[in-house]
Amino acid sequence: MLSLDDAGQLLRRSAFFRSTSASAIRALSDHSQLVRLSAGELLFKKGDPGSAMYFIVDGCVQVHHAEMVVILLERGEVFGEVAALSSETRTASVSARTDTVLMKLERDAIYATLASHPDAVRSMIEALCHRESEVIGEKLGRMIQARVLEHELEIGQKIQRNFLPATIPAMPGWQLDGMLQPARKVAGDFYDFFMVPELQCMGIVIGDVCDKGVGAALFMTLFRSLIRSGALFGGRTERSAGDDELECTLLHALRSTNRYIASTHRGSSMFASVFFGLIVPPTGLVRYINAGHEAPWIGQGSGVRTQLSTTGPVVGLFEEAEYEVGSAEVRPGEWLFAYTDGATDAQNEAGEAFSEDLLRCTVVRGAAKDAPVLETVRQTLAGFIGKADQFDDITMISARRDLH
Amino acid sequence: MSNELRIAVSEEKGNTPVTIMYVSGDLDSKTYGDLETKASDLIAAGAKNILLDLHEVHFMGSAGLRAMHAMSVKLKDAGGQLKLLNPSDPVARVLKTLGFDRFFDIHATRDAALKSF
């Protein structure tokens, strides 16, 4: 059993009561109670009202908010002063980490002691100010850290722009367009346009790496690069004459990308839905692979004529995946439009989704006008979303064939 | 808004022992961790074959699909398998569009599923 003298000695050792006179210390310990906690026991919860301050006689407590531990306190330390000395509620939860013995000082007793012992007041104010300056210091440290991270993300964003076409290539007889609106600083969506000179055709790609943020962005660069590289370099020399070159190029690009990521990055289970098409400009022929992606539309003034459904699974998960190559045609005056689910899943402030139907109407309506389709869709989406958060990356591409 | 994910487990001690995980709620970016953690615990405790009952899953996002793939990789490495049971309509649709139905064994009834292990 702790004697009052011992309790007093312990109190004196803490920062709060260091410069307090012996008689003040005695007055405090006279009014104190011992509280025992077993390991794991909760003393009070964040937000609870409180009127007692605690001094740790023996043991260890954790100051926490749910599962997040802020700090561990041990013998000789004081806590709970904010709720005890003011009308504030408990600033955090406190639980015993080990079996613990606490000295409990109630508000009335503290204030009565302070009233008759001015030296104790000074000591307490010193300790409270010291705590406050520590908290401010920590907050500043965190703000600086946050700013550094923000800066890193901005760098990442700039670099990621290099993985999107800097300019949309010109294609005689066609208007090509693409846009990507990331939900965060960096995006998991991508799109691409590139000429395949040996085949005299234009590759168009749109993709959506699962999830969003930094992880998706890192894989975005990998998917985009492997597909482009696979299409431009390799595969063609191994083929015999008579093979469909467009088909072989598409299959080689997607198969090699899929096999590489499914095996090399097996442990991360990352995947992307991808639409990859090769357009022959003079004829409007499109050969394509749709790997688990939202079906692009081909349409004209009165509506969507056909959609290019999936021809294989998403890319990056299943090494043995087989892909088929589809075939379509963009006739003179028609357009091809592709999007990621960020557009159809976009929510307004009421929590309603934009929906595929509304996107289709918007695209058809926009294509009938003289202005670029994507800009019309972007504006309509922006109006719909309003002040709500943009939940997912929004990406769209269009390839529009001149009438003559 | 995501519903909580609830997971119940039962052990089937047939010719091939199978652990059945009954999952209900939404399998999204907030809840997929619960599924992964529970599966890891079961695998650490010796489970080799797991059957995921998806009938009461209302929503399956990419996070859920990734978690399922990760589980199947772990089980395959341990010489076992992950199979799927009776997915709800929305989940069945996602599995089909993304091509999961060709690479995961999906069964309509518990008995058929258990016999297939």
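Rank these for me by crowding, A:Thr283, A:Thr310, A:Thr257, going from fewest to most other beta carbons within 10 Å.
A:Thr283, A:Thr310, A:Thr257
Helix-only mean residue ellipticity at 222 nm, the protein assembly as shown, DSSP H runs n ≥ 4 weighted -39,500 (n - 2.57), per residue, nearest 500. What is it? Provide the component values of the computation, followed by the final result.
Numbers: 14 runs with 191 residues, N = 521.
When only DSSP H runs of four or more count, the value is -12000 deg cm²/dmol.
Would you mind giving the three semi-axes, in whole Å and largest first, of the ellipsoid equivalent to chain B according to its Cα gyration tensor?
20, 16, 13
Please label the shape of the protein assembly as shown as rounded, prolate or oblate, based on the square roots a ≥ b ≥ c of the eigenvalues of the alpha-carbon gyration tensor (a/c under 1.5 means rounded; beyond that, a/b larger than b/c means prolate, else oblate). Display every interim value, and only then the final one.
Numbers: a/c = 3.10, a/b = 2.04, b/c = 1.52.
Prolate shape, in that a/c is at least 1.5 and a/b is the bigger ratio.
If you rank A:Val135, A:Val121, A:Val78 by fewest surrounding Cβ atoms within 10 Å, what's the result?
Going from least to most buried by this count: A:Val135, A:Val121, A:Val78.
Is the shape of the range A:162-401 best called rounded, prolate or oblate, per the rule: a/c under 1.5 gives rounded, else a/b larger than b/c gives prolate, else oblate, with a ≥ b ≥ c the square roots of the Cα gyration tensor eigenvalues?
Oblate, since a/c reaches 1.5 and b/c is not below a/b.
For the range A:258-375, what is Rg from Cα atoms divided by 2.2 N^0.38 Å, rounded to two decimals?
The reported ratio for this selection is 1.22.
Determine the shape class of the range A:4-137: with a ≥ b ≥ c the square roots of the Cα gyration tensor eigenvalues, call it rounded for a/c under 1.5, and otherwise prolate if a/b is greater than b/c, oblate otherwise.
Prolate shape, in that a/c is at least 1.5 and a/b is the bigger ratio.
Can you tell me the order of A:31-38, A:127-134 when each peptide is scored by its average per-residue count of other Cβ atoms within 10 angstrom, highest first?
Numbers: A:31-38: 15.0, A:127-134: 12.5.
Ranking the peptides A:31-38, A:127-134 by packing returns A:31-38, A:127-134.
Any idea what diffusion coefficient the range A:162-279 gets from Stokes-Einstein, in µm²/s, Kirkwood Rh on alpha carbon pairs, 20 °C, 1.002 mPa s?
Details: Rh = 15.0 Å.
For these conditions, the coefficient is 142 µm²/s.
Sorting B:Met68, A:Met143 on the 10 Å Cβ count, fewest up front, what's the list?
A:Met143, B:Met68
Once phi is turned into θ = phi - 60°, what whole-Hz ³J(HN,Hα) does the Karplus curve with 6.51, -1.76 and 1.60 give for every residue of the range A:144-161, x standing for Gly and Pro?
Computed from phi, the couplings for the range A:144-161 are 5, 4, 4, 5, 4, 4, 4, 5, 4, 4, 5, 4, x, 4, 4, 5, 5, 4 Hz.
Using Cα positions and a limit of under 22 Å, work out the lysines in reach of B:Lys13, with same-chain residues fewer than 8 apart set aside.
B:Lys38, B:Lys48, B:Lys74, B:Lys76, B:Lys83, B:Lys115
Read-outs: derived from the displayed coordinates by stated rules, not from any lab. Remember, it's a predicted structure, so these values are computed and weren't measured experimentally. We place every Cβ from the backbone using ideal geometry, glycine too, and count neighbours over all the protein chains shown.
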